[in-house]
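No value in this document is a laboratory result; all are computed from the given coordinates. Treat the numbers as computed from the prediction; the structure is a model and nothing was measured. So basically every Cβ, Gly included, is an ideal-geometry build from the backbone, and we count neighbours across all protein chains shown.
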Amino acid sequence: MKNKLIEIIKEAGEIFKEGYYSKKDVTFKAKKDLVTKYDVAVENFLKVRFEKEFYDFNVIAEESDNTDKIFSNSIIVDPIDGTTNFVNKLPHTAISVGVYKDKKPYIGIVFNPILDQLYTAVVGEGAYCNGEKIQVSDESDFQKALLSTGFPYSSGTCEDDLNDVVEKIKHILPRCQDIRRLGSAALDLCYVASGIYEAYYEMNLKAWDVSAGLIILQEAGGKVSNIDGNDYVLFENKYILASNGYVHKELIENLNF
Ligand code: IPD
Ligand code: CA
Ligand code: CA
C-alpha cells in the first residue's frame, strides 16, 4: 500500500507545484483560514485515486464534507498543509496523508513537493526522509531544546485562545533554546522526527494536520501526547505535544505551569 500511496501523492505533487508557482485566487473559510482552488484540486485528485485503489478505506479530507464518514479504516488527507505559506510562496508546505486501520496508526506520508522532501513511515518499520532513515535527537536538556509551535486560526476571534498562546510562550521561551513557527503542523512533526527540533506543541489542530506526522514521529523514536501526558487522541484533544521523548516530561510541565 505504501508504494502505491507514494506514487499517487507524487502525482498530486505536480498539481501542488503548478499551483505554488502560479497566481492564486484566495478565499477565506474563516478570518485567518485561507483556501485556494489548488487545495480543492489536490484533494479531489487524491480522493478519486485513493477511493479507486484502496476501497477498504474511507477518505476523510480537509476540504470535503466528512459528516457521514466514520473514523475506522480511514485515509486522512490534508491536501495542502501550510496553505498560508503556499499562498505566500514560502516553501514550508506539504501534502499530508495518514492511514489508519481500525483507528490504529498504519502508514504516514508527508510530501513537500517544493523542496522534494518525502517523509514516510509504516508502523513497526521506522521512519524515512527520501529513503534515508531518520531519528529524533538525543538532546535531553530542555534549556538546549529547539521548539516549534503554531498559532491557531482562533487567535483572531477567541481571546481565551490568544491569551493561552501568549502566556505559554512567555513561560516556555526563557526555559528553552528558542521557538520556531514555520506554519505546517505536518512538517513540524517530521522535523521533530528528523532531530531538527527537540519538541513541538500546538492547540486546536485537526486530525488531517497531524494524522501522518505523528506516525512518522513515533516511528523515528519520538513521543506524542496530549497536554496531560496521556495518549493523544485524534479528533478529540485540544493540545498536541510531540518530542524526542527525552524532553517530554519538561515539555508537559512547562505547558502546565
Ligand atoms: C495549518 C498549519 C499550521 C497550523 C494551523 C493549521 P492548513 O494547516 O498546519 O501550521 O498552525 O493551525 O491549521 O490550514 O494550512 O492546512
Ligand atoms: Ca493543515
Ligand atoms: Ca490544509
If you take the charge dipole of the chain about its Cα centre, with +1 on Lys and Arg Cβ and -1 on Asp and Glu Cβ, which of 183, 22, 109 is farthest toward its positive end?
22
Cα point-scatterer Debye curve for the chain, base-10 log of I(q)/I(0) at q = 0.08, 0.15 Å⁻¹
-0.28, -1.05
Highest-fluctuation residue, 190, 176, 158 considered, GNM on the chain with Cα pairs under 10 Å
158
Suppose a student asked you for the relative contact order of segment 142-255, using Cα pairs under 8 Å spaced at least 6 residues apart; what percent would you report?
29
Two-decimal Rg/Rh of segment 2-134 from alpha-carbon positions, Kirkwood Rh?
0.96
Chain lengthening between residue 6 and residue 175 when straightened (0.36 nm per residue, less Cα-Cα)
56.9 nm
7 Å from Cα along Cα→Cβ at both residue 53 and residue 71: what's the point-to-point distance in nm?
2.4
When the dipole is taken about the Cα centre of the chain, and only Lys, Arg (+1) and Asp, Glu (-1) are charged at their Cβ, what size is it in debye, to the nearest 20?
380
Mean separation of Cα pairs under 8 Å and 6+ residues apart, divided by the residue count of the chain: what relative contact order is that in percent?
17
Distance between the C-alpha centers of segment 223-257 and segment 21-92? Whole Å please.
26
Could you give the radius of gyration (one decimal) and Dmax (whole number) of the Cα atoms in segment 142-255, in Å?
12.7, 37
Under 19 Å, Cα to Cα: Lys pairs in segment 142-255, sequence gap 8 or more or different chains
12
Could you order the peptides 63-74, 95-106, 219-230, 131-142 from most to least packed, using the average number of other C-beta atoms within 10 Å per residue?
95-106, 219-230, 131-142, 63-74
Could you tell me the calculated FRET efficiency between residue 116 and residue 140, based on Cβ-Cβ distance and R0 = 30 angstrom, to the nearest 0.05?
0.40
Going residue by residue through segment 37-53, the Karplus relation 6.51 cos²θ - 1.76 cosθ + 1.60 with θ = phi - 60° gives ³J(HN,Hα) values, rounded to whole Hz and with x marking Gly or Pro, of 5, 6, 4, 5, 5, 5, 4, 4, 4, 5, 4, 4, 5, 5, 5, 6, 7
